[in-house]
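Trainee: Take this structure first; my questions come after.
The values are calculated or read from the model by the stated rules, or taken from the named source; none is laboratory data. Nothing here was measured: the structure is a model prediction, and the numbers come from that model. Ideal geometry is used to build each Cβ from the backbone, glycine not excepted, and the neighbour counts take in all protein chains shown.
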Amino acid sequence: MKSKRGRPKAFHDTTEQNTIQSLDRALHVVNYVAKSPDRSLTEIATALEQSPATVYRVLVTLAGHQMVEIDPAEQTWHIGAGAFRLGSAFLRRSSLVERARPVMRQLMERTGETANIGIEKNGRVLFLGQVETHESIRAFFPPGTQAPMHTSGIGKAILSHFEADRVQTIFESEAETQFTAHSLGTLDALAADLAATRTRGFAVDNEERTLGMRCIAAPIFNSEGEAIAGLSISGPVVRISEDRIPEISRAVTQAAYKLTEAIGGPAIPIES
């Protein structure tokens, strides 16, 4: 019987003779840098139990493909744009992002403002996609943008369903990041905001990241009922006025629930 084209007979054999040790080592390095950014060459080599000379050659090779990059001033290593492009290829086929696109477009058309989707990644919001408004003044969060969770509508929508100790850990890691006078500066202030978010079903970023910009977000749940992402509408306060919050929040929560159902999450009836 012929093997499938491009697949050797030993495709599932992962013994040492069928692996490329240098490639395996490089993947260990890039995975470590992704999980532990802002580390020096010595720190990376020590953590991976490899010689600095070997790890340096791997890092330089990876940097040539933009998989990692170095901070020249601090001499520390970080994940690069090339790794994001590979991750984006995966996201394009993932259920959440694939199903979110038409929902986001409908949400943008319904509200006239930019729609965003993001997830929690290592205690921060990672924006996965955006459908921009046609207005000349707009919010812009290109895929790959990260932000502290306590200053983001999506971040607070997700945080509102986390355990208190996890919220505290995430907040304390970014507590000093205060973008505007409206940013939540204490854990008590954040806890009160998250309680209100849970009660009404949506979060509001009221100029907490950028003066003059407002964001309304709702959580997206997986099949286990866990808040795994958030959907939002963002724009200038002159267009997303206090008077429009009920209208826009209704549109956002409906879109978030629609996406929740699309990925197998629990059905949550809401007002039309």
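Trainee: Just to confirm my filter: which helices (runs of 4 or more DSSP H) fall fully inside region 19-131 and include at least 3 residues that are touching a residue at least 24 places away in the same chain (Cβ under 8 Å), touching a helix residue (DSSP H, G or I) at 6+ places or on another chain (Cβ under 8 Å) and among the β-branched types (Val, Ile, Thr)?
Mentor: On the way: elements: 21-35, 41-48, 52-64, 81-93, 95-111.
Correct list: 21-35, 52-64, 95-111.
Trainee: Determine whether region 225-232 contains at least one residue that is out of contact with any Asp or Glu (no Cβ under 9 Å at 6 or more places or on another chain), surrounded by fewer than 18 Cβ atoms within 10 Å (Cβ to Cβ) and not in a loop (DSSP other than H, G, I, E, B).
Mentor: Checking region 225-232: not a single residue is out of contact with any Asp or Glu (no Cβ under 9 Å at 6 or more places or on another chain), surrounded by fewer than 18 Cβ atoms within 10 Å (Cβ to Cβ) and not in a loop (DSSP other than H, G, I, E, B).
Trainee: In addition: Among the residues that make up region 9-16, is at least one of them at pLDDT 65 or above, in a helix (DSSP H, G or I) and farther than 28 Å from Leu128 by Cβ?
Mentor: So far as region 9-16 goes, no, none of its residues is at pLDDT 65 or above, in a helix (DSSP H, G or I) and farther than 28 Å from Leu128 by Cβ.
Trainee: Could I ask something else about it? Taking the conditions exactly as written (crowded, with 18+ Cβ neighbours inside 10 Å and among the hydroxyl-bearing types (Ser, Thr, Tyr)), does Thr133 satisfy them or not?
Mentor: Here the answer is yes, as Thr133 does meet what is asked.
Trainee: Of everything in region 207-224 that's surrounded by fewer than 19 Cβ atoms within 10 Å (Cβ to Cβ) and of a type outside the set (D, E, K, R), which residue is farthest from Ala164 (Cα to Cα)?
Mentor: Top of the filtered list is Gly212.
Trainee: So which residues in region 87-140 are under 16 Å from the mean Cα position of the chain (by Cα) and at pLDDT below 80?
Mentor: Across region 87-140, the qualifying residues are Gly87, Ser88, Ala89, Phe90, Leu91, Arg92, Ser94, Ser95, Phe140.
Trainee: Residue check: is Glu174 surrounded by fewer than 22 Cβ atoms within 10 Å (Cβ to Cβ), out of contact with any helix residue (DSSP H, G or I) (no Cβ under 8 Å at 6 or more places or on another chain) and farther than 25 Å from Ala251 by Cβ? I'd like the intermediate steps shown before the answer.
Mentor: Numbers: surrounded by fewer than 22 Cβ atoms within 10 Å (Cβ to Cβ): yes; out of contact with any helix residue (DSSP H, G or I) (no Cβ under 8 Å at 6 or more places or on another chain): no; farther than 25 Å from Ala251 by Cβ: yes.
Here the answer is no, as Glu174 does not meet what is asked.
Trainee: Given (1) crowded, with 17+ Cβ neighbours inside 10 Å; (2) at pLDDT below 80, identify the lone condition not met by Lys2.
Mentor: All conditions are met except number (1).
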